[in-house]
Amino acid sequence: MRGGGRRGAAAGVPELPPETPRVRPRPAPLRQRWSDVVFLHWPVDPAQVAPLLPAGTRPDLLGGVAHAGLVAFRMPVNTVAGVPVGGFDEVNVRVYSVDRHGRRGVVFLSMDADAAHAVVVARALTGLPYMWSDISLVRGREGVRAGAVRRRAPGGARGRWAVRVGEPLERPGPLERPGPLERFLTARWGLHTRHLGRTWWLRADHPAWPLHRAEFLHYEGDLLGAAGLAPLTERPVSALWSPGTDTGFTVSLV
């Protein structure tokens, strides 16, 4: 596994996550395909993030700053123990965490999905904050990716956004590799969630994201505010797009 960046004395873990995950020890019981993925990220105050995290975790910071993401994608493949359970579109609001073992993760504050059955099953099995919503993800002309979400239950939060897909961050010839911010926000090989009275870490195994820069066009809505977040900037500091990846999830026993 390739190592991270310099170590922070306070955190005791590398400042950057590894570029690729460790080799998966066994077949993942939950497998998903994420496609046509839009990433928008804003800086947020770590003191605002900390109370939103599961017990035993703290905000994962880059340069002393926490980040909140709005991530939208299609999930055409979703299987549990090899059995297809149906895909759906998803829009999530997320922040980033690290636990006492040094395991970094995503913490989902909301997960809008347009399939009611998936919401019920996922909430029951994992405790993740899935919510039933109307979602529209549109592939427009000239590389535009637009989306909208209106939450059905619980609550009525909504949002609309659009980006224009740009050049890949890695391409033939002189390479423009993902920088520290892109790596920090996307090289996430697990998630933390609170369920059945304890905090769990689920391994996420997938190749490094094939990333493209994206031109931010607009965002409006209250999805971040409904999750308890107030971004420090009006415009996101990072806008990215990816064609997608295949992912497997495994519960860690460590």
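See the values below:
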quantity	calculated
Qualifying position, being within 28 Å of Thr20 (Cβ to Cβ), surrounded by 17 or more Cβ atoms within 10 Å (Cβ to Cβ) and hydrophobic (A, V, I, L, M, F, W, C), among Leu185, Leu125	Leu185
Residue tally, condition of a type in the set (S, T, N, Q), more than 26 Å from Val77 (Cβ to Cβ) and in a loop (DSSP other than H, G, I, E, B), over segment 223-254	1
Sole residue being farther than 19 Å from Val13 by Cβ and in contact with an Asp or Glu (Cβ under 9 Å, 6 or more places away or on another chain), chosen from Leu61, Leu137, Leu128	Leu137
Residue list for segment 200-251, restricted to those being at pLDDT below 95 and in contact with a His (Cβ under 9 Å, 6 or more places away or on another chain)	Trp200, Trp201, Leu202, Thr245, Asp246, Thr247, Gly248
Residues located in segment 198-222, provided they are in a loop (DSSP other than H, G, I, E, B), surrounded by 18 or more Cβ atoms within 10 Å (Cβ to Cβ) and of a type outside the set (A, V, I, L, M)	His206, Trp209
Gly244 surrounded by fewer than 13 Cβ atoms within 10 Å (Cβ to Cβ), of a type in the set (Gly, Ala, Ser) and over 22 Å from Leu61 (Cα atoms)	no
Qualifying residue in segment 236-254 (condition: free of Cβ contacts under 8 Å to residues at least 40 places away in the same chain, under 23 Å from Pro129 (Cα atoms) and more than 16 Å from the chain's Cα centre (by Cα))	yes
Yes/no for Trp34 being modelled with pLDDT under 95, of a type in the set (Phe, Trp, Tyr), under 30 Å from Ser136 (Cα atoms) and not in a helix (DSSP H, G or I)	yes
Criterion (of a type in the set (A, V, I, L, M, F, W, C) and within 18 Å of Phe216 (Cα to Cα)) met by exactly one of Ala115, Ala66, Ala148, Ala153	Ala148
Any chance Arg235 is crowded, with 18+ Cβ neighbours inside 10 Å and basic (Lys, Arg)	no
Single unsatisfied condition, Val71 versus (1) modelled with pLDDT of 95 or more; (2) under 19 Å from the mean Cα position of the chain (by Cα); (3) more than 17 Å from Gly228 (Cα to Cα)	(3)
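For (1) in a helix (DSSP H, G or I); (2) at positive phi; (3) loosely packed, with under 14 Cβ neighbours inside 10 Å; (4) not polar (S, T, N, Q), each residue gets a yes or a no:
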site	(1), (2), (3), (4)
Val98	no, no, no, yes
Val106	no, no, no, yes
Ser110	no, no, no, no
Ala118	yes, no, no, yes
Ser133	no, no, no, no
Ala146	no, no, no, yes
Arg151	no, no, no, yes
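The values are calculated or read from the model by the stated rules, or taken from the named source; none is laboratory data. Fair warning: this is a prediction, and the values are worked out from it, not measured in the lab. Using ideal geometry, Cβ is built from the backbone for each residue, glycine included, and neighbour counts are taken over all protein chains shown.
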